[in-house]
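Values in this text are rule-based calculations from the coordinates and carry no lab data. The structure presented is a predicted model; accordingly, all values stated were derived computationally and were not measured. Every residue, glycine among them, receives a Cβ derived from its backbone with ideal geometry; neighbour counts consider all protein chains shown.
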Ligand SMILES: [Zn+2]
């Protein structure tokens with residue numbers, strides 16, 4: 001039913017228990033895609049965990065060793081803001097494998113969705129803000145290393161700035177990074193993306209969509225991307241507990257359509273990843289993420305008709 005593959009693994013669950021990050025959302029999104037008839041079981045592929053060799057193209061050997069042996073200091077774990085466990089490590093390696101597989105499938109099929117990933121606050125040498133491994137950077141480096149692409153674009157619409165993405169690709173002209181986010185919010189230190197759109201508190205649909213379009217138009221004019229990784233956070237939503245913007249569910253879908261429309265007109269394959277989402281009702285977070293995948297489906301349908 002989907003004109004591309006969705007990537008999912010039961011091991012994506014971060015097993016956080018009672019935590020503001022609803023780590024069961026990955027399974028709930030997959031189930032809703034099936035229940036709503038958007039995807040069929042055959043559209044969903046399970047990833048393998050990322051290989052350590054690939055993880056090490058982004059992360060430092062010292063950090064990777066500490067993650068694998070459980071030798072992170074209490075301060076390092078506190079900065080991650082999620083409890084360390086073996087299951088968490090498995091989930092992070094699987095999410096990175098999922099973004100790699102989604103990148104490979106998008107180059108073949110024109111699009112792919114990782115029903116996970118988007119851990120954009122992970123730095124080369126530490127994790128923070130619920131993010132341990134930077135799955136999108138690991139995927140881009142793998143595709144570059146394999147000679148599949150040279151130039152990638154990351155468009156990040158999570159309400160929080162993509163600080164890990166900006167730090168990793170800051171001096172790399174082969175990757176264009178755009179982040180549109182609430183300025184007065186985490187992270188306090190925001191290393192510069194190629195393009196940062198800093199929004200004041202309380203911005204709603206019309207203003208947001210207008211500023212996003214200006215940024216995305218300029219990005220596609222300035223940079224010839226061979227693949228787009230879209231970090232589609234659900235947390236610019238007006239009911240989000242960690243966000244201070246005022247987008248509606250309809251506005252968030254228009255946001256997705258806008259990004260996909262520019263990719264389609266420029267012939268650029270698209271990978272979607274999830275990132276954050278902390279709505280008071282988890283059903284809203286799930287709906288926003290499902291809508292992203294449905295909007296990508298509609299965009300691909302337009303491409304082929
Ligand atoms: Zn966020």
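Between residue 280 and residue 89, what's the calculated FRET efficiency when r is the beta-carbon distance and R0 is 41 Å? Round to 0.05.
Working: r = 30 Å, r/R0 = 0.73.
Step by step, r from the Cβ atoms, then E = 0.85.
Let me have the relative contact order for the range 180-305, percent, based on Cα pairs under 8 Å that are six or more residues apart.
Values: 169 pairs, mean separation 33.4, N = 126.
The normalised contact order for the range 180-305 reaches 27 percent.
Once both labels are modelled 7 Å past Cα along the beta-carbon direction, what's the residue 214-residue 301 spacing in nm?
My value for the distance between the label points is 3.3 nm.
Please build a GNM for the chain, connecting alpha carbons under 10 Å apart, and tell me which residue among 190, 25, 66 fluctuates the most.
Looking only at 190, 25, 66, the biggest GNM fluctuation is shown by 66.
For the range 145-248, what class follows from the C-alpha gyration tensor (a ≥ b ≥ c being the square roots of its eigenvalues): rounded when a/c is under 1.5, otherwise prolate if a/b is larger than b/c, else oblate? Don't skip to the answer; put the middle values down first.
Values: a/c = 2.16, a/b = 1.70, b/c = 1.27.
Prolate, since a/c reaches 1.5 and a/b exceeds b/c.
Among 290, 231, 20, whose mean-square fluctuation peaks in a Gaussian network model of the chain (Cα, cutoff 10 Å)?
In the Gaussian network model the winner is 20.
Let me have the relative contact order for the chain, percent, based on Cα pairs under 8 Å that are six or more residues apart.
Working: 659 pairs, mean separation 58.3, N = 305.
Result for the chain is 19 percent.
Apply the a/c threshold of 1.5 to the C-alpha gyration tensor of the chain and tell me whether it is rounded, prolate or oblate.
On the way: a/c = 1.20, a/b = 1.17, b/c = 1.03.
Verdict is rounded for the chain.
Build a GNM of the chain with springs between Cα atoms under 10 Å: which of 13, 240, 250 gets the top mean-square fluctuation?
The residue with the greatest mean-square fluctuation here is 250.
Return the distance in nm (one decimal) between the two label points of a simple spin-label model at residue 249 and residue 109, each offset 7 Å from Cα along Cα→Cβ.
That separation, rounded to one decimal, is 2.5 nm.
Give me the percent relative contact order of the range 59-207, please, defined on Cα pairs under 8 angstrom at least 6 residues apart.
Values: 238 pairs, mean separation 26.1, N = 149.
Once divided by the residue count of the range 59-207, the mean separation gives 18 percent.
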